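Where a number appears in this text, it was derived from the coordinates with a stated rule and is not lab data. Please read all numbers here as calculations on a predicted model, not as lab measurements. Positions of Cβ are generated from backbone atoms using ideal geometry, with glycine treated the same way; all protein chains shown enter the neighbour counts.
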Amino acid sequence: MTPDLTHTRDLVDRLFRLSAAGDWAEALNPTQRMALAYLARANRFSRCPSHVAEYMALTRGTASQTLKALVRKKLICAQRSPVDGRSISYKVTEQGALMMRRITVVEQVLQTMDTDFVRTFNAQLEIVLRQALLLYGKKPFGPCRSCQYHEKTGSGAHCGLLNEPLQAGEDQQICQEFAQEASDIKVAGA
C-alpha cells in the first residue's frame with residue numbers, strides 16, 4: 001500500500017502552522033522567531049543577513065527587515081566585522097537568549113513523548129529536509145562537529161575550510177559552510 005503523500009504534506013504544514021500561531025503569542029511573528037532561533041544556534045561565521053536569508057529561504061530584503069525588527073526589540077545586536085569594518089553579523093542578546101528558552105507548544109508535546117520516538121522522528125525529518133534541500137540546490141547548514149572540514153586538535157577543534165580555530169562550544173553550532181561527508185549523503189530513491 002502506497003503512503004498518502006498529500007496527507008503527509010498536510011500534517012507537516014498543519015504542524016508548522018500550529019507552531020507558527022503559538023509564536024505570535026511571544027511578541028514575535030513566526031519569521032522573527034525562526035531568525036532568532038537560527039542566530040541562537042549559528043556559529044560566528046554564519047550570522048550575517050545573507051546566511052539568515054539562505055537558511056530560512058527568504059529574500060535578503062525580508063531577512064534584513066526581520067533582523068532590523070529583532071534589533072529594535074533588543075533581542076539581537078549588530079556587530080561590524082573587525083576584518084573589513086563593513087560586513088555586519090548579529091549576536092543574540094541576553095534578552096533574546098531568555099526569549100529562546102521559552103518552551104513552544106510543539107516542544108511541550110515532544111517533551112511528553114518517548115525519547116527514542118523523538119530521536120527517530122528528528123532523524124526522519126532531517127532526511128526529508130536534506131532531500132528537499134538537495135532537490136532545490138540549497139545549502140544544508142549543520143553542526144560543525146558533523147562537517148567534513150571539522151578537525152579535532154589538541155586544544156579543541158579547528159575548521160579546515162576556513163582555517164580557523166573553533167571557540168569552545170562552536171562545534172555544536174550550525175555553520176553555513178557545513179559539508180557532509182560524501183558517505184553520509186543519501187540520494188532520493190537509493
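For the range 25-136, with equal point scatterers placed on the C-alpha atoms only and solvent neglected, what are the log10 I(q)/I(0) values from the Debye formula at q = 0.18, 0.21 1/Å, to two decimals? For the range 25-136 at q = 0.18, 0.21 Å⁻¹, log10 I(q)/I(0) is -1.01, -1.20.
Residues whose amide H lies under 5 Å from that of GLY142, counting only those 5 or more places away or on a different chain, are CYS175, PHE178; hydrogens are built 1.01 Å from N in the peptide plane.
Taking θ as phi - 60°, what are the ³J(HN,Hα) couplings along the range 7-22 by the Karplus curve (6.51, -1.76, 1.60), each to the nearest whole Hz, with x for Gly and Pro? Once rounded to whole Hz, the list reads 4, 4, 4, 4, 5, 5, 4, 5, 4, 4, 4, 4, 4, 4, 4, x. Couplings 3J(HN,Hα) for the range 152-157, derived from phi with the Karplus relation 6.51 cos²θ - 1.76 cosθ + 1.60 (θ = phi - 60°), are 7, 10, x, 9, x, 9 Hz, where x marks Gly and Pro. The string of couplings for the range 45-54 from the Karplus curve (6.51, -1.76, 1.60, θ = phi - 60°) is 8, 10, 10, 8, x, 5, 5, 4, 4, 5 Hz, one whole number per residue in order, with x for Gly and Pro. The order of the peptides 115-122, 160-167 by mean Cβ neighbours within 10 Å, most packed first, is 160-167, 115-122. Secondary-structure-derived ellipticity at 222 nm for the chain, considering helices only, amounts to -14500 deg cm²/dmol, per-run term -39500 (n - 2.57) for DSSP H runs with n ≥ 4.
Dipole magnitude for the range 51-93: about 260 debye, using +1 per Lys or Arg Cβ and -1 per Asp or Glu Cβ, origin at the Cα centre. Once the chain from ARG86 to LEU133 is taken as fully extended at 0.36 nm per residue, the excess over their C-alpha distance is 13.9 nm.
Other residues lying with their Cβ under 14 Å from the Cβ of ASN163 contribute a combined charge of -3, Lys and Arg counting +1, Asp and Glu -1. Think of each Lys and Arg Cβ as +1 and each Asp and Glu Cβ as -1; about the Cα centre, that makes the dipole of the chain roughly 820 debye. Remark: the range 115-190 is approximated by an ellipsoid whose semi-axes, taken from the C-alpha gyration tensor as √(5λ), come to 25, 16, 10 Å, largest first.
Taking a sphere under 13 Å around the Cβ of CYS48 and counting the other residues whose Cβ falls inside, with K and R at +1 and D and E at -1, yields a net charge of +3.
Available extension along the chain between ARG145 and MET56 is 29.9 nm, counting 0.36 nm per residue and deducting the alpha carbon span.
Summing Cβ point charges (Lys, Arg +1; Asp, Glu -1) relative to the Cα centre of the range 115-190 gives a dipole of roughly 260 debye. Of the residues MET99, CYS159, ALA42, the one whose Cα sits farthest towards the positive end of the charge dipole of the chain is MET99 (charges of +1 on Lys and Arg Cβ, -1 on Asp and Glu Cβ, taken about the Cα centre).
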